[in-house]
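The values are calculated or read from the model by the stated rules, or taken from the named source; none is laboratory data. The structure displayed is predicted, hence computed values, not measured ones. All Cβ positions, even for glycine, are placed from backbone atoms using ideal geometry, and neighbour counts span all protein chains on display.
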Amino acid sequence: MYRFFSPSFKEKFFKTLFFSIAVFSALLLLVILLFILKESWPIWAEIGIINFLCKTTWQPTATPPQFGILTMLVSTLWVAGGALLIAVPLGFSSAIFLAEFAPTSLANILRPVLNMLTGIPSVVYGFLGATVLIKYLEISFDLASGESLFAASVVLAIMVLPFIIANSENALRSVPSEYRQASMALGISKQYISIKVLVPLALKGMVGSVVLAFGRAIGETMAVLMLAGNTMNLPFSWFDKGEPLPALIALELGSATPGSSHYQALFATGFVLILIVIVVNLGINILLQRWQRTV
């Protein structure tokens, strides 16, 4: 009976459990990808990858129907990239403040607040953006409509900010205290220690928080649907209107007949969306590994 509660048995049990969970998660992702690929395969075979990704015409009701997602793809990158452009500097700065400079009493208040922000439904963020931010842009800049990719990016930045702050702070706090003590013994200022010592050591975890935020931003639907303008014009500016890929899927999937080319094209759009997140994750991990080898 004792051997079932021995440290070696517990270690093997939890190692097997966590390994099984990891394998199950990987298989689940693979099954999802294969299912979406199966549903969208007729479009890839008929239209081709280049035509589907590089054409700007999306007319599912035309004869013959035309499917090109370049317009929506560019809108997606404007929105997600713009959100990270706003959120990353604010998130990293806030994480450094909470981890190294904030009084304990203040940090104990801010952390639960940040955790609560992650649980607010996206439709609430979208509603607030539509009633406050868009109205502000219309009045301040004398616009006929404040809907734009910029407005969607601002709201998305607010949505992903808690993820960046929480994960970056955890990465900074996980740096062994010996580095702080050794640096302080040399008489280095706390600001210098934070920027030049702790941030490079915690960089992998901080960049991981950005990847997580990017996945949330690029796949967000409701807030983008309510703020981006939903026009199928190729956006050349951050302040143009557009229709990101998640908004396209949400708007048209309900009207697409199962098995039709329109239905298959929407699945192909979802497959592209997943691939973007996977490629960004893999690319950043490879760059981090190469950077760590050179340091």
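Things to note:
- Answer residue from the stretch 168-194, given it is hydroxyl-bearing (Ser, Thr, Tyr) and under 14 Å from Leu98 (Cα atoms) and is surrounded by the most Cβ atoms within 10 Å (Cβ to Cβ) among those: Ser168
- Across the stretch 73-99, the qualifying residues are those that are surrounded by 19 or more Cβ atoms within 10 Å (Cβ to Cβ), of a type in the set (Gly, Ala, Ser) and under 20 Å from the mean Cα position of the chain (by Cα), and the one among them that is farthest from Leu149 (Cα to Cα) is Ala95.
- The stretch 241-281, subset within 15 Å of Thr221 (Cβ to Cβ) and in a loop (DSSP other than H, G, I, E, B), residue nearest to the chain's Cα centre (by Cα): Pro244
- Residue-level analysis places Thr61 outside the set of residues that are under 29 Å from Pro235 (Cα atoms), hydroxyl-bearing (Ser, Thr, Tyr) and modelled with pLDDT of 90 or more.
- Residues in the stretch 100-111 that are part of a helix (DSSP H, G or I) and either at pLDDT 90 or above or over 23 Å from the mean Cα position of the chain (by Cα) (or both): Glu100, Phe101, Thr104, Ser105, Leu106, Ala107, Asn108, Ile109.
Table: residues versus (1) of a type outside the set (A, V, I, L, M, F, W, C); (2) touching a Cys at 6+ places or on another chain (Cβ under 7 Å); (3) touching a residue at least 24 places away in the same chain (Cβ under 8 Å).
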{"residue": "Ser40", "(1), (2), (3)": "yes, no, yes"}
{"residue": "Lys55", "(1), (2), (3)": "yes, no, no"}
{"residue": "Ile96", "(1), (2), (3)": "no, no, yes"}
{"residue": "Ser105", "(1), (2), (3)": "yes, no, no"}
{"residue": "Met116", "(1), (2), (3)": "no, no, no"}
{"residue": "Tyr125", "(1), (2), (3)": "yes, no, yes"}
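- Residues of the stretch 170-205 satisfying the condition of being closer than 18 Å to Leu282 by Cβ, of a type outside the set (D, E, K, R) and in contact (Cβ under 8 Å) with a residue 40 or more places away in the chain: Leu203
- Flag for Ala80 being of a type in the set (Gly, Ala, Ser), under 30 Å from Ser261 (Cα atoms) and touching a residue at least 40 places away in the same chain (Cβ under 8 Å): yes
- Check on Val197, surrounded by 14 or more Cβ atoms within 10 Å (Cβ to Cβ), modelled with pLDDT of 90 or more and part of a helix (DSSP H, G or I): no
- Filtered by the rule that a residue be farther than 19 Å from Ile276 by Cα and either touching a Pro at 6+ places or on another chain (Cβ under 9 Å) or buried (at least 23 other Cβ atoms within 10 Å of the Cβ) (or both), the stretch 236-254 gives Lys241, Glu252.
- Within the stretch 113-161, considering residues that are under 17 Å from Met222 (Cβ atoms) and aromatic (Phe, Trp, Tyr), the one surrounded by the fewest Cβ atoms within 10 Å (Cβ to Cβ): Phe127
- Sole exception among (1) hydroxyl-bearing (Ser, Thr, Tyr); (2) in a helix (DSSP H, G or I); (3) touching a residue at least 12 places away in the same chain (Cβ under 8 Å) for Thr131, by number: (3)
- Among the conditions (1) of a type in the set (A, V, I, L, M, F, W, C); (2) touching a Phe, Trp or Tyr at 6+ places or on another chain (Cβ under 8 Å); (3) surrounded by fewer than 19 Cβ atoms within 10 Å (Cβ to Cβ), the only one that Leu287 does not satisfy is (2).
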